Amino acid sequence: MPLSIIILAAGQGTRMKSSRPKVLHHLAGKPMLQHVVETGQALNPEQIIVVIGYQSEQIREQMMGQNLDFVEQVEQLGTGHAVVQCLDVLVEGNDILVLNGDGPLISSVALNSLLKKAGNNAVNILSFYPPTPQGYGRIVRQADDKVIAIIEEKDADQQQKEIRECYSGFMFIAGNQVRHLVGQLDNNNAQSEYYLTDVVKHAVDSELNITATICEDADEVQGVNNQTQLAQVENLFRQKQAIKLMEAGVKLYDPDRIDIRGILKVGSDVEIDINCIFIGDVVLGDNVHIATNCIIENSSIGKGSQILPMTSIDSATIGEGVSIGPFARIRPGTECADGVKIGNFVETKKAQIGLGSKVNHLSYVGDTEMGANVNIGAGTITCNYDGANKFKTIIEDDVFVGSDTQLVAPVKISRGSTIGAGSTITKDTPEDQLTLSRSKQISMPGWPRPVKK
Ligand code: UD1
Ligand code: CA
């Protein structure tokens, strides 16, 4: 039977103590809901319905363009009520898989096994054994192990609270039973909510078959209801990523001190020192070494390149055998060719830096096209901005720029030019000549040094 996925995401998440809807809180750099949607998409469902309510506009906006059917649940009267709101848009007869917008670590492997084990049963729930069951619905089984109910914590008696097996928030319901089962939900319980979990009880009453699939990895179904749990989930996510990297052969100096907020692809013999953060899509080629305290976002770094401590690289393309840092800031649009060297306290932005060129100390290079084999002296600034508009600096091959020079754009430093230290260059320079613009050094014999009156 074709599948419709329903993602519950209407609640405010009051326990987060935040004005932002809970499912938009970020895990590894993107909304929790985005993680759940992507996992759902991996199952190739015919339809993904997202139930929204609290600050629904904000959620629609953030989740645009992913072919999702949004359903508004104006009043959040419970998880069962949320599913009832979907019945109008639900493709008739489709099986449904209910996912929790606040359970972002669930894997498509676990969900696939839930679908597979559902067989011909009316309901299959994903259960798990959390380290502490507090707050979760408890799975009640009868003597022959058959599941007969899920009891919410607030409705559980002392004996039921002792049960360790809990409901994960993930449930399969067969297409031919969906309307029959959710149609019977009521709110006669401790929280006066329509609990989706009560479909189990109704399935029992209708003598339908129910199964529970136990999720081996309790971490995957950890729910996020407060900031502590969000931090725990972030931690788990990080640990998993770190293990994957090490399995791929990366040397991590300390797997507890790396953050990956996105997708990090690596070649062989990559080394990453402590406290580095990788954001978005990052690719590290073979033999890349990243030193401590670097932040690398949406960038690729070619084979054999070294990123030295305290370096920030954002939306840049770095070639092979490049050395950057320490303390460098590589901003969007930087493209470094092979063999480039960028040293301490250098900032680059929208800058192409040609083969083997060096910008070693204390410089700003922005809106610049730089050729090969260029040497930029310490403290050189491309003055790209007149307060209103930005202009380009072109530096051709084999240029040598002396220290403390300002290149006032638009300007071209032609092939083979040498610029004398301390110059302010406002006009294009001729090829292969020394150009300098500074007053001659003079000394004044007998000049009286001022004295205090
Ligand atoms: C729910 C389960 C509980 C399970 C736990 C797993 C019910 C009644 N309880 O409890 O058995 O152990 O998840 O994490 O299902 N939501 C809506 N509309 C609503 C209410 C909730 O869309 O009217 C959404 C929330 O935004 C959230 C999800 O449903 O994403 C779960 O709601 P939440 O209030 O967190 O349920 P729990 O109390 O955690
Ligand atoms: Ca929850």
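The values are calculated or read from the model by the stated rules, or taken from the named source; none is laboratory data. From a predicted model like this one, the values you see are computed outputs, not experimental measurements. Virtual Cβ from ideal backbone geometry, glycine too; neighbours counted across all protein chains shown.
Please work out which residue is surrounded by the fewest Cβ atoms within 10 Å (Cβ to Cβ), limiting yourself to region 326-383 and to residues that are within 23 Å of ILE279 (Cα to Cα) and acidic (Asp, Glu). Across region 326-383, the extreme among qualifying residues is GLU335. Of all positions in region 68-78, none carries a residue that is surrounded by fewer than 19 Cβ atoms within 10 Å (Cβ to Cβ) and part of a helix (DSSP H, G or I).
The single condition from (1) surrounded by fewer than 14 Cβ atoms within 10 Å (Cβ to Cβ); (2) within 16 Å of ligand 2 (Cβ to nearest atom); (3) under 30 Å from LYS30 (Cβ atoms) that ASN235 fails is (2).
Across region 364-381, the number of residues qualifying as closer than 17 Å to THR418 by Cβ and in contact with a strand residue (DSSP E or B) (Cβ under 6 Å, 6 or more places away or on another chain) comes to 7. Residues in region 116-136 that are within 28 Å of PRO21 (Cβ to Cβ) and touching a strand residue (DSSP E or B) at 6+ places or on another chain (Cβ under 7 Å): ILE125, LEU126, SER127, PHE128, PRO130, PRO133, TYR136.
In region 368-383, is there at least one residue being part of a strand (DSSP E or B) and acidic (Asp, Glu)?
First, the residues of region 368-383 that are part of a strand (DSSP E or B): 368-370, 375-376, 381-383.
Filter once more, so that each one left must be acidic (Asp, Glu): 369.
Scanning region 368-383 turns up at least one residue that is part of a strand (DSSP E or B) and acidic (Asp, Glu).
In region 13-29, what residues are within 12 Å of ligand 2 (Cβ to nearest atom) and part of a loop (DSSP other than H, G, I, E, B)? If the condition is that a residue be within 12 Å of ligand 2 (Cβ to nearest atom) and part of a loop (DSSP other than H, G, I, E, B), then GLY13 is the only one that fits. Comparison of VAL91, VAL83 shows that the only residue that is more than 16 Å from ligand 2 (Cβ to nearest atom) and over 18 Å from the mean Cα position of the chain (by Cα) is VAL91.
Quick check on this structure: which one of GLN158, GLN73 is among the polar types (S, T, N, Q) and within 12 Å of ligand 1 (Cβ to nearest atom)?
Values: GLN158 fails: within 12 Å of ligand 1 (Cβ to nearest atom).
The conditions single out GLN73.
One residue is enough: does region 27-45 have a residue meeting the conditions assigned by TED's automatic domain parsing to the domain that holds GLY93, basic (Lys, Arg) and more than 21 Å from LEU230 (Cα to Cα)?
Residues of region 27-45 that are assigned by TED's automatic domain parsing to the domain that holds GLY93, as a first pass: 27-45.
Of the ones still in play, those that are also basic (Lys, Arg) are 30.
Of the ones still in play, those that are also more than 21 Å from LEU230 (Cα to Cα) are none.
No, region 27-45 contains no residue that is assigned by TED's automatic domain parsing to the domain that holds GLY93, basic (Lys, Arg) and more than 21 Å from LEU230 (Cα to Cα).
Determine if region 36-54 includes at least one residue that is assigned to a helix (DSSP H, G or I), within 16 Å of ligand 2 (Cβ to nearest atom) and more than 18 Å from the chain's Cα centre (by Cα). Among the residues of region 36-54, not one is assigned to a helix (DSSP H, G or I), within 16 Å of ligand 2 (Cβ to nearest atom) and more than 18 Å from the chain's Cα centre (by Cα), which makes the answer no.
Identify all residues within region 101-116 that are away from ligand 2 (no atom under 16 Å from the Cβ) and in contact (Cβ under 8 Å) with a residue 40 or more places away in the chain; write none if there are none.
Answer for region 101-116, where residues must be away from ligand 2 (no atom under 16 Å from the Cβ) and in contact (Cβ under 8 Å) with a residue 40 or more places away in the chain: SER107, SER108, ALA110, LEU111, ASN112, SER113, LEU114, LEU115.
Determine if region 323-344 includes at least one residue that is free of Cβ contacts under 8 Å to residues at least 60 places away in the same chain, basic (Lys, Arg) and either under 17 Å from ILE395 (Cα atoms) or not assigned by TED's automatic domain parsing to the domain that holds CYS383 (or both). Yes, region 323-344 has at least one match.
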